[in-house]
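Worksheet for the structure shown next.
The values are calculated or read from the model by the stated rules, or taken from the named source; none is laboratory data. It should be emphasised that the depicted structure is a prediction, and the values quoted were computed from it without experimental measurement. Cβ placement follows ideal geometry from the backbone for every residue including glycine, while neighbour counts extend to all protein chains displayed.
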Amino acid sequence: MERYKYLIIGGGIAGTTAAETLRKDDPTGRVAIVSDEPHPLYSRIMLSKPNFFLEKVPFDTIWMRKAESYAEKGIDFLGGKSAVTLDSKAKKVTLDDGSELEYEKLLLALGCPVRQLAVPGIDKKGINYVKTIEDARAIIANVKKAKAAVVIGSGFIGFEMCDMLHLAGLKVDSVIREKYFWEPVLDEPAGRILERKMAAEGIVIHTASEVAEVRGGDWVEGVTLKDGTAIDCQMVILAVGVSFRGEWLKAAGLEVRRGIVADEKLQTNLPDVWTAGDVAEFQDVIMEECLMCGTWINAQMQGKTAAMNMMGRGETYRQLSSYTAHGFGLNIGFVGNVWRGEGRELIGRGDGDSGKYAGIVLRGNRLVGAFMVDRPGDMAPLKRLIDSKMNISGFRDKLADPTADLAALTGE
């Protein structure tokens with residue numbers, strides 16, 4: 001049985017950053033990464049970018065590490081293996097090949113698997129998810145053969161996949177369960193801006209719709225919606241989000257809700273076990289609530305923070321989440337937590353009909369999140385307002401005024 005001082009489950013940016021941080025600061029402690037993919041680290045950011053899928057950039061630009069770089073840095077890379085059981089008392093992880101690994105400190109940086117769609121015919125050739133490098137290769141190949149495609153699901157991946165397929169010259173239908181695009185992350189005025197832009201480019205959006213069946217023989221020939229609408233296509237892209245269950249971790253006594261629950265130092269309820277990346281449901285000290293952040297930079301910084309705390313540094317994770325999406329000539333930005341529910345208030349900034357609009361989310365008298373459609377100049381001042389936890393009661397009315405200088409409100 002192999003024994004490691006630091007064992008990391010997950011070979012993405014969170015796990016790789018953690019391993020390299022540990023190796024740099026503790027050159028003698030044994031470090032291992034267990035990854036369910038056999039490949040070294042690659043950029044998942046590129047897995048939604050049109051230029052990558054349309055081969056306008058070389059495929060090999062996706063690689064961020066070489067296979068030999070792990071051994072060169074003194075990291076054992078156990079690729080193509082999955083953890084299946086955890087014994088936190090014995091400090092032991094069992095892999096799917098039956099091998100057992102002992103650890104002193106454990107990091108769970110598993111990532112979140114894509115949500116599966118359970119409809120008849122979903123296993124046909126030409127059905128594509130957007131998660132792994134194998135998914136990317138399949139999409140690149142299928143785009144070259146298809147004349148029409150269906151994208152199921154709105155949101156970040158669905159939006160950029162529709163843009164990519166349109167740029168490739170395919171006829172594109174978008175099928176979404178929601179009443180408008182990217183609901184509920186965006187509000188309706190923002191969602192309608194996206195729909196108008198997409199429709200102007202020929203994208204047919206089927207709102208409040210679900211797929212009942214995928215038609216065809218071995219290869220997809222079309223989909224039928226629950227209302228009976230039939231759409232012919234030669235490929236389908238599923239962009240229906242992610243889902244984490246983690247039954248094997250629950251069985252070990254780990255607290256799991258939507259993700260793996262952790263405190264502000266990314267430590268779980270089990271001794272000597274931390275988490276990082278998409279799967280971490282952590283106590284955010286900026287938002288002052290428990291969050292999951294599925295962005296690349298958050299995963300990277302969480303991997304670094306978790307590693308430091310595995311070495312006993314006692315660091316608090318503090319990083320305001322933000323990201324952007326691009327497509328159909330639109331720039332869409334997000335910062336903080338745009339979830340809206342009890343105790344939240346949404347202030348619209350601008351007019352959705354103008355095509356330039358922002359939604360600002362308040363909790364009491366402070367900003368906690370915002371989204372922006374073609375208002376990139378609002379991003380930096382809104383980030384400062386959220387990060388500083390500034391009381392906005394004195395200028396609440398100005399937030400809705402699209403001509404108000406947000407930078408001036410922050411004292412910049």
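Some notes on this structure:
- Residue that is surrounded by the fewest Cβ atoms within 10 Å (Cβ to Cβ) [pool: residues in region 62-86 that are without any contact (Cβ under 8 Å) to a residue 24 or more places away in the chain and out of contact with any Phe, Trp or Tyr (no Cβ under 8 Å at 6 or more places or on another chain)]: GLU72
- Test: residue in region 314-332 that is buried (at least 22 other Cβ atoms within 10 Å of the Cβ), among the β-branched types (Val, Ile, Thr) and within 20 Å of THR17 (Cβ to Cβ): no
- When region 8-32 is filtered for residues that are touching a residue at least 12 places away in the same chain (Cβ under 8 Å), over 21 Å from the mean Cα position of the chain (by Cα) and outside any helix (DSSP H, G or I), the ones remaining, listed by number, are ASP26, PRO27, GLY29, ARG30, VAL31, ALA32.
- All positions within region 224-243 that are touching a helix residue (DSSP H, G or I) at 6+ places or on another chain (Cβ under 7 Å) and either part of a strand (DSSP E or B) or modelled with pLDDT of 95 or more (or both): GLN234, MET235, ILE237
- Considering LYS5, LYS89, the condition of being without any contact (Cβ under 8 Å) to a residue 24 or more places away in the chain and not aliphatic (A, V, I, L, M) is satisfied by LYS89 alone.
- Among the residues of region 21-35, the ones that are crowded, with 21+ Cβ neighbours inside 10 Å and not small (Gly, Ala, Ser) come to 4 in all.
- Screening the candidates ALA118, ALA146, ALA141 for the property of being crowded, with 16+ Cβ neighbours inside 10 Å, more than 16 Å from the chain's Cα centre (by Cα) and small (Gly, Ala, Ser) yields one hit, ALA146.
- All positions within region 212-223 that are within 24 Å of ALA141 (Cα to Cα) and in a strand (DSSP E or B): GLU213, VAL214, ARG215, GLY216, TRP219, VAL220, GLU221, GLY222, VAL223
- Taking each residue of region 191-209 that is not assigned by TED's automatic domain parsing to the domain that holds GLY352 and looking for partners that are in a strand (DSSP E or B) and charged (D, E, K, R) with beta-carbon atoms closer than 6 Å, six or more apart or interchain, yields VAL204/ASP173.
- Residue within region 36-50 that is touching a residue at least 60 places away in the same chain (Cβ under 8 Å), more than 24 Å from THR295 (Cβ to Cβ) and either surrounded by 13 or more Cβ atoms within 10 Å (Cβ to Cβ) or within 22 Å of the chain's Cα centre (by Cα) (or both) present: no
- Extreme residue, surrounded by the fewest Cβ atoms within 10 Å (Cβ to Cβ), among residues of region 244-277 that are among the small types (Gly, Ala, Ser), touching a strand residue (DSSP E or B) at 6+ places or on another chain (Cβ under 8 Å) and outside any strand (DSSP E or B): ALA251
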